[in-house]
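Undergrad: Below: one structure in structure tokens.
The values are calculated or read from the model by the stated rules, or taken from the named source; none is laboratory data. As the structure is a computational prediction, the values presented were derived from the model and not from experiment. Here the Cβ positions follow ideal geometry from the backbone for every residue, glycine too, while neighbour counts run over all protein chains shown.
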Amino acid sequence: MARVREVILGVGGGIAAYKSCELLRRLQDRGYAITVVPTPSSLNFVGAATWEALSGRPVTTQVWERVDEVRHISLASVADALIIAPATADLIARIASGRADDLLTNLVLAVDTPVLVVPAMHPQMWLDPATKVNVEILRSRGFEVMDPEVGRLTGSDVGPGRFPETISIIDNFEKLISAKKDLLGVQVLVTAGGTREAIDPVRFIGNRSSGRQGAAVARAARDRGAQVKMILANSQLSTQESQELNGIEVIAVETATQMHTALAKEFPTSDLLVMSAAVADARPLQISEEKIKKGQLKDIQLVENPDLLKSIANMRDKQIIIAFAAETNNDIGAAREKMKAKGANILYLNDVSGGAIFGSDSTEGFILTSNGAHIPVSQTSKDTLAELLLDQALIQLG
């Protein structure tokens, strides 16, 4: 199954609706982008303004809102999955009978994606024969319907019907979408972007790195269960791309020296380091505190920056290191020598002739590993390359 990102959160009209606020937040922490579709009655418990503030997206409840978008079809076309939480007895009955009398029930008929239903209601309603039949109808149609938990509900009543814990819902959801969690417990450190070395207050020495490949690796590692930190230098990520970094600790830096300091602090507690940042090879020997006049800008004396990768590799205990080599040729032999000299376990060699790769959403090159593997990567997305690199890291991590 392709990576699931766009998730619709349908909210039924029960008191447990407030608990879905926490569910939304925790799904965002896992990197899912959430659009909330509440039923009209659910707005008695949690208002549209709350859902819009939490999701950062507009909220509609009726088919007759934003008619120009044909909302139920436009949402269905981009949705990767649907979670209905809480699902009341009434909502379950309406879905089972195929009704389409609000936006959410229209959407249920329009989507062709995995659907997780999370019931929450009074025990007598959950145990009623009609509800039991409706639940079985949904399951027979391929819906994943969780059993509610047993516990205290509204007032002093106790029994089956309680809204499940958030972590239990997310576990069931990720099983449903077959999300890989093979990096659980692994601490991953990623560098991304391009460092800048100041000449004066307005000029700098830099490079074309956008930070997209590092961000892709960080997201993929997070989605596979890792705890991820990213040292990010001067990225060109869009607002949406930045929002996709939920659940990742981002450490902002500008210069190679700042990145070196952050790496030295974070590397010892990491299991895997992915050095995708493009680090400036040199910096001005002196930085002018005032803007240098155009006529005075004749030459710049440079001093070499430290080799961050080699320096950090010398601190290694058992960490696995992935390095990147952006070259204007595909000299495999030279790349292997570089991988050995820098102390990397895996190296991705890509050809950047003519400005290729930098700023793009796609990439091509070769994955080289210290155990002799040589894996060609034909043109593909940076998200796919991230998964391929993590697959190789898992082999080395054992």
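Undergrad: Quick one: in the range 140-166, which of the residues that are aliphatic (A, V, I, L, M) and in a strand (DSSP E or B) is surrounded by the most Cβ atoms within 10 Å (Cβ to Cβ)?
TA: Selected residue: VAL145.
Undergrad: Same structure again: Looking at the range 201-224, can you tell me whether even one residue there is modelled with pLDDT of 95 or more and either surrounded by fewer than 20 Cβ atoms within 10 Å (Cβ to Cβ) or not in a helix (DSSP H, G or I) (or both)?
TA: There is no residue in the range 201-224 that is modelled with pLDDT of 95 or more and either surrounded by fewer than 20 Cβ atoms within 10 Å (Cβ to Cβ) or not in a helix (DSSP H, G or I) (or both).
Undergrad: Continuing with this model, one more query. Can you tell me which of ILE169, ILE137 is crowded, with 21+ Cβ neighbours inside 10 Å, among the hydrophobic types (A, V, I, L, M, F, W, C) and either in contact (Cβ under 8 Å) with a residue 40 or more places away in the chain or part of a loop (DSSP other than H, G, I, E, B) (or both)?
TA: ILE169
Undergrad: Next question, about the same structure. With the condition kept exactly as written, say whether any residue in the range 86-100 is under 15 Å from LEU9 (Cα atoms), touching a Leu at 6+ places or on another chain (Cβ under 6 Å) and among the polar types (S, T, N, Q).
TA: no
Undergrad: Would you mention how many residues in the range 107-134 are part of a loop (DSSP other than H, G, I, E, B) and out of contact with any strand residue (DSSP E or B) (no Cβ under 9 Å at 6 or more places or on another chain)?
TA: Total meeting the criteria: 2.
Undergrad: Right, here's the next one. For the range 248-261, indicate whether the set of residues that are assigned to a strand (DSSP E or B), of a type in the set (D, E, K, R) and within 26 Å of ASP29 (Cα to Cα) is non-empty.
TA: Checked the range 248-261: at least one residue is assigned to a strand (DSSP E or B), of a type in the set (D, E, K, R) and within 26 Å of ASP29 (Cα to Cα).
Undergrad: Let me ask something additional. For the range 42-55, enumerate the residues that are loosely packed, with under 14 Cβ neighbours inside 10 Å and in a loop (DSSP other than H, G, I, E, B).
TA: Result: GLY47, single match.
Undergrad: Quick check on my filter: what residues within the range 271-286 are surrounded by 13 or more Cβ atoms within 10 Å (Cβ to Cβ), at pLDDT below 95 and either over 23 Å from GLN236 (Cβ atoms) or not hydrophobic (A, V, I, L, M, F, W, C) (or both)?
TA: SER276, ASP281, ARG283, PRO284
Undergrad: Given the conditions (1) crowded, with 20+ Cβ neighbours inside 10 Å; (2) outside the structural domain of SER270 (by TED's automatic domain parsing); (3) in a strand (DSSP E or B); (4) of a type in the set (A, V, I, L, M, F, W, C), and given that ALA192 satisfies all but one, which numbered condition is not satisfied?
TA: Going through (1) crowded, with 20+ Cβ neighbours inside 10 Å; (2) outside the structural domain of SER270 (by TED's automatic domain parsing); (3) in a strand (DSSP E or B); (4) of a type in the set (A, V, I, L, M, F, W, C) one by one, ALA192 breaks only (2).
Undergrad: Of the residues that make up the range 88-101, is at least one polar (S, T, N, Q), farther than 30 Å from ALA221 by Cβ, surrounded by fewer than 19 Cβ atoms within 10 Å (Cβ to Cβ) and within 28 Å of the chain's Cα centre (by Cα)?
TA: So far as the range 88-101 goes, no, none of its residues is polar (S, T, N, Q), farther than 30 Å from ALA221 by Cβ, surrounded by fewer than 19 Cβ atoms within 10 Å (Cβ to Cβ) and within 28 Å of the chain's Cα centre (by Cα).
Undergrad: (1) among the hydrophobic types (A, V, I, L, M, F, W, C); (2) outside the structural domain of ALA233 (by TED's automatic domain parsing); (3) touching a Phe, Trp or Tyr at 6+ places or on another chain (Cβ under 8 Å): which one isn't true of ILE169, the others all being true?
TA: (3)
Undergrad: Among residues belonging to the range 80-105 that are part of a strand (DSSP E or B) and hydrophobic (A, V, I, L, M, F, W, C), point out the one that is farthest from VAL145 (Cα to Cα).
TA: Looking at residues that are part of a strand (DSSP E or B) and hydrophobic (A, V, I, L, M, F, W, C), I get ALA81.
Undergrad: Continuing with the same structure: Test ASP80 against the stated conditions and say whether it is surrounded by fewer than 22 Cβ atoms within 10 Å (Cβ to Cβ) and either hydrophobic (A, V, I, L, M, F, W, C) or more than 23 Å from TYR32 (Cα to Cα) (or both).
TA: no
Undergrad: Now, a different point. For the range 14-21, state whether one or more residues are surrounded by fewer than 19 Cβ atoms within 10 Å (Cβ to Cβ) and charged (D, E, K, R).
TA: No, the range 14-21 contains no residue that is surrounded by fewer than 19 Cβ atoms within 10 Å (Cβ to Cβ) and charged (D, E, K, R).
Undergrad: Follow-up question, since we're still on this one. How many residues, within the range 301-336, are surrounded by 15 or more Cβ atoms within 10 Å (Cβ to Cβ) and either among the hydrophobic types (A, V, I, L, M, F, W, C) or at pLDDT below 80 (or both)?
TA: 14
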